[in-house]
Amino acid sequence: MSATYESIKERNEKVLMRTYGRYPLAIARAKGARLYDFDGKEYVDLLAGIAVCGLGHCRPELAQVMAEQAEKLVHVSNLFYQEEQLVLAEKLLATCQADKVFLCNSGAEANEGAIKLARRYMAKVRGSAARDILTLEGSFHGRTLATLTATAQTGKIKDGFGPLPEGFRSVPFGDVCALRAAVNENTAAVMVEMIQGEGGVRPLPAEYVDALLALRREKDFLIIVDEVQTGMGRTGRFWAHEHFGLAPDIFTTAKGLANGLPMGAVMATDEAARGFEPGAHASTFGGGGVLSAVAAKTIDIIREERLVERAAELGAFFQEEARKLLTKHPDKIVHVRGLGLLLGIELAAPGQDVWRALLDAGFVCNLTHEKVLRLVPPLTIAREDLSAFLAALDGILGRA
Ligand SMILES: Cc1ncc(COP(=O)(O)O)c(C=O)c1O
């Protein structure tokens with residue numbers, strides 16, 4: 001008997017730990033900006049595996065690189081030099097002002113590495129006792145013990161996992177005075193997302209970033225930018241920190257890096273990277289041949305197809321069109337925001353019904369903070385798909 005949504009759901013309950021609240025949908029295959037369920041129903045994918053598949057699903061060029069590399073070199077360990085890692089690191093460094101890269105497997109692992117690097121830099125290079133990591137309320141940095149502690153949110157994410165690591169403090173989002181008051185001689189780093197993704201698509205106010213930079217000059221802590229979600233062109237610049245004129249000491253990325261394969265990276269200035277020496281940090285699978293080759297090809301395609309510029313243009317188009325809906329439905333939509341193709345439409349009331357109606361109409365997006373429809377489509381998505389989504393939303397809001 002062929003698989004159905006019900007049969008998949010039932011098997012899932014039996015064998016997988018119950019960590020995910022799943023959508024009422026089982027995906028059988030995916031291509032470009034389309035998902036297909038087990039009945040063959042087609043969905044426009046405005047989620048891209050939560051900001052992961054920037055080039056769309058199942059790109060033939062990436063499948064080819066994957067297959068070729070799988071026959072050449074998959075894993076030998078980081079005891080050996082491997083050219084694939086160098087090709088990737090050189091391409092990554094050409095996109096930013098950082099000088100060194102550490103390759104790993106996920107966003108949380110990248111952030112964990114960034115936190116470790118900041119602390120160790122303070123301890124070993126500066127000889128300083130500063131260990132505290134300051135993060136912003138509403139942030140999301142991952143699910144390892146350190147990164148969930150860094151994540152300044154309440155609720156299930158921390159509940160029952162104590163004792164949590166020490167040395168993490170949070171400050172209110174966008175509050176310059178609170179930041180000034182919180183930074184002291186124990187501050188190793190301030191860690192921020194330029195746009196909080198899980199936190200409801202909230203860009204940091206420009207004045208806040210200016211104040212953060214001024215404070216760094218004064219107090220000499222490190223700035224870590226979490227670009228796990230915002231990196232790889234998603235916001236209309238290769239890195240979101242470019243929008244703000246901020247040069248981080250350390251920044252991380254993951255989601256879009258290998259277009260769906262599990263890969264993360266920590267990037268740092270030469271100075272900050274002095275915090276690690278051989279033996280200080282490692283990852284068995286980090287920078288494996290297949291991952292590195294696919295990530296390098298992903299960067300090539302982003303460049304060749306000018307997808308960073310495309311994200312900026314499509315994002316501006318979307319926001320302009322979505323604002324027309326806001327004018328038309330002022331009682332239903334309260335805010336349209338985002339940068340590039342990291343977009344949020346904040347509804348006036350909890351949006352579960354709207355989200356569900358969109359799904360039934362064949363549009364997959366995400367609802368965060370109960371009221372924010374978050375869209376992180378492939379950077380390759382057609383303009384017509386964005387228009388069709390807005391037309392569907394218009395119809396649903398008109399009926400509600
Ligand atoms: C900003 C940010 N940081 C870190 C993470 C954690 O990444 P991962 O799930 O790959 O560990 C996420 C995941 O959503 C994220 O959005």
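The chain: longest stretch without exposed trypsin sites (Lys or Arg not before Pro) (DSSP loop, at most 13 other Cβ within 10 Å), sites themselves excluded? Longest gap between qualifying sites, sites excluded: 157-305.
Once you order the gyration tensor axes a ≥ b ≥ c over the Cα atoms, which shape class does region 224-280 get: rounded for a/c under 1.5, otherwise prolate or oblate by comparing a/b with b/c? Write down the numbers at each step before the final one.
Details: a/c = 3.44, a/b = 1.28, b/c = 2.68.
Oblate, because a/c is 1.5 or more while a/b does not exceed b/c.
Summed over qualifying helices (DSSP H, 4 residues or more, each -39500 (n - 2.57)) and divided by its residue number, the chain shows a 222 nm mean residue ellipticity of -11500 deg cm²/dmol.
Taking 0.36 nm per residue of separation and subtracting the current Cα-Cα distance, fully stretching the chain between Ala3 and Arg29 would add 8.1 nm.
Candidate cross-link partners of Lys219 among the aspartates and glutamates, defined by an alpha-carbon separation under 13 Å and a same-chain spacing of 8 or more, comprise Glu185.
Counting charges near Leu261 (Lys, Arg +1; Asp, Glu -1) among other residues having Cβ under 15 Å from its Cβ returns a value of -1. Relative to the longest principal axis of the Cα atoms of the chain, the long axis of helix 383-399 lies at roughly 60 degrees.
Take the alpha carbon gyration tensor of region 340-400, find the square roots of its eigenvalues, order them as a ≥ b ≥ c, and report rounded if a/c is under 1.5; if not, report prolate when a/b exceeds b/c, else oblate.
Working: a/c = 1.95, a/b = 1.29, b/c = 1.52.
Cα axes put region 340-400 in the oblate bin.
At 0.36 nm per residue, minus the direct Cα-Cα distance, what do Ala129 and Asp175 gain on full extension? Give it in nm, one decimal, please.
Numbers: separation 46, 0.36 × 46 = 16.56 nm, distance 2.60 nm.
Between Ala129 and Asp175, full extension yields an extra 14.0 nm.
Rounded to the nearest 10 degrees, the inclination of helix 206-219 to the longest alpha-carbon principal axis of the chain is 10 degrees. Within a Cβ distance under 14 Å of Gly233, other residues only, what is the Lys/Arg minus Asp/Glu net charge? Once positives and negatives cancel, what remains is 0. Taking only the alpha carbons of region 1-106, we obtain Rg and Dmax values of 18.7, 55 Å in that order. Within straight-line reach of Lys116, meaning a Cα separation under 16 Å, sit the following lysines at least 8 residues removed in sequence or on another chain: Lys100, Lys124. Ordering Asn186, Thr380, Val52 by the projection of their Cα atoms onto the charge dipole of the chain, which places +1 on the Cβ of Lys and Arg and -1 on the Cβ of Asp and Glu, puts Asn186 at the extreme positive end. Label-to-label distance for Lys158 and Lys324 is 4.5 nm, based on points extended 7 Å past Cα in the beta-carbon direction. Reported to the nearest whole Å, the Cα centre-to-centre distance from region 317-349 to region 16-64 is 24.
One decimal place: the segment Ala94-Ala63 gains 8.7 nm when fully extended, by the rule 0.36 nm per residue minus the C-alpha distance. The long axis of helix 289-304 is offset from the longest Cα principal axis of the chain by roughly 70 degrees.
Of the three principal axes defined by the Cα atoms of region 73-304, the extents in descending order read 51, 37, 37 Å. Backbone geometry of region 323-338 corresponds, through the Karplus equation with coefficients 6.51, -1.76 and 1.60 at θ = phi - 60°, to 3J(HN,Hα) couplings of 5, 5, 5, 4, 5, 6, 10, x, 7, 10, 10, 9, 7, 10, 8, x Hz, x marking Gly and Pro. In terms of its C-alpha gyration tensor, region 58-211 comes out prolate, because a/c is 1.5 or above and the ratio a/b outweighs b/c. Restricting the calculation to alpha carbons of the chain gives Rg and Dmax of 21.2, 67 angstrom.
Bear in mind these aren't lab numbers, they're just calculated from the coordinates by the rules spelled out. Source: prediction; values computed, not measured. Note that we place each Cβ from the backbone using ideal geometry, even for glycine, and neighbour counts take in every protein chain shown.
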